[in-house]
1. Using the charge dipole of segment 14-94 (Lys, Arg: +1 at Cβ; Asp, Glu: -1 at Cβ; taken about the Cα centre), state which of ALA34, SER86, ILE49 has its Cα farthest towards the positive end.
2. Sort all Cα-Cα distances of the chain into consecutive 10 angstrom bins from zero, then give the percent of pairs in each bin up to the one containing the longest distance.
3. Extending each Cα 7 Å along its Cβ direction at ALA436 and GLU275, get the distance between those two points in nm, one decimal.
4. Roughly what % of DSSP beta bridges within the chain run antiparallel, to the nearest 5?
5. Starting from 0.36 nm per residue, how many nanometres of slack lie between ASP390 and ARG499 once their C-alpha separation is accounted for?
6. What's the exposure ranking of CYS53, CYS44, going from fewest to most Cβ atoms within 10 Å?
7. Would you kindly compute the Cα radius of gyration of segment 3-210 and its largest Cα-Cα separation (Dmax), both in Å?
8. Using DSSP to define loop residues, name the GluC sites (Glu not before Pro) in segment 244-296 whose beta-carbon has at most 10 other beta-carbon atoms within 10 Å.
Amino acid sequence: MRYVLTNAQMREADKFTIETLEVPSLLLMERAGAALAEEAERLCPEGGILCVCGGGNNGGDGFVCARILLQKGLSVEALCVADKFSADCKKNRDEFEKLGGEVYSVFPRKRFALIVDCLFGTGFSGELEGKNAFAADFINSSGAKVLSADIPSGVSGNNGLAAKNAVRADETLCIGEYKAGVFLGDGIDLAGKIARADIGIALPALSETQNGYAFLTGKKETAELLPPRKRNSHKGSYGRAAIVAGSAKYTGAAYLSAAAALRSGAGYTTLCVPENLLPLYALKLPEVLLEPMEGGDRVAFTEAGFKKLLTYDSIAFGMGTGGSEDIFKGAAYLLCNYEGRLILDADALNSLAKYGGKETESIFADKKCDVLLTPHLKEFSRLTGESTDDLLTKGPNAPKDFAKKRGVTVLLKGAATVISDGKRTALNVAGTAGQAKGGSGDVLSGLIAGLCAGGLSAFDGACAGAYLAGKAAEFAAAETGEYSLTASDEIAYLGRAFRALRE
């Protein structure tokens, strides 16, 4: 399992390795610098390399990198704009200079093929100022390839928030464990290709909930959640999913959700739509069962109408329904009476936020089902009452804290999808910028509903669904390109994504 650490967790791991396991800090710096040197040589075997170093341990890694490359006979120099140095950084700068290495204190007027960015590590926040800002501008305007150590300088390791002139890397080599900031916010675009170097930093003993460490979803993790289908089985073996969606204005949302659920492996998929819209779907989705919901062109709440949903193994509710007090009443009814896996998306979330008021807290407290909320950032802001800026600053802790408070699983959509049930936290980075279009969220909710109908928990269904939807989008975009990718393309390639798990 590949873990993703915050700044505080990484400091804790460093401290544990150095103080408890008694691994010298200089040895860790040597290993980090060696890993950077190996990658720098791979990227630029002819030399012409500049290591831009700060005064902390990240800068020390850079000086080790420069020394090792120099000893290999490559053309390498260093630039350092720091006035103060950690002891380990100073020692490695001195060793580089003793071997004849050149350390500039002003920006050199020459061109380099590769710049190794070791200006700041994970502890950065705010804006780059003074010499550091000039150093970042120098890197970005150099025309050279850029390899960043741990995280691009100017990017927060906690949340990916970036200074306006943060370094733009072609590749980032995370030292020890992946850092949250390379996957979140602006970090995912600034980091370039992301790799990791194991230098022997040990994580403190993990509890059954992984001691709060987030992890990356991937092929192996997803495949383990989905056992092979048995020949000796029938459609009843794989669960019944209900998709409660759609309105006269948003007919496509219901179609996309149901079509994705059909590709999920669920035994039955039932599309529950406003009664006046039923004919729209009868021919387009022949494999789907259709169930009329009262309300004409929009879903209206009646206890009889929603009571018939209680027999399903999973329910996805809110995609394209429009926000209303009826949708709030429907969500509240399901939370308090349903005992399966309930996915609340889009207008179900907005209606809870708008019409629930103080009642929302008690509704969640009285819930009987395994609940997954699938907001994007603005929907999550409405639910929590916090500003989008505050939520972004909190990074993965925002969905984790809310999930723990409400006893639910939260899937927060973004550049990386963050999934948390308050104990476990996962990051999904499979996907493409082409998914930033209407309909992608509808596909995801329908897919997760189908996976949950087959027996997955809300958390596991969210992890598997986010990964599979992301991979399907990647496969589709390889054919269509990101600009032309549609949600329907994503559905068409879900089979390819499932098949890839077994390859």
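Where a number appears in this text, it was derived from the coordinates with a stated rule and is not lab data. For clarity, every value in this text was computed on a predicted model and none was experimentally measured. Heads up, the Cβs are rebuilt from the backbone with ideal geometry, glycines too, and the neighbour counts pull from every protein chain shown.
1. Positive-end residue among those listed: SER86.
2. 4, 19, 26, 21, 15, 10, 5, 1, 0
3. For ALA436 paired with GLU275, the spin-label model returns 4.3 nm.
4. Around 15 percent of the beta bridges assigned by DSSP in the chain are antiparallel ones.
5. 35.3 nm
6. CYS44, CYS53
7. Cα radius of gyration and Dmax of segment 3-210 are 15.8, 54 Å respectively.
8. Listed in order of number, the matching sites are GLU287.
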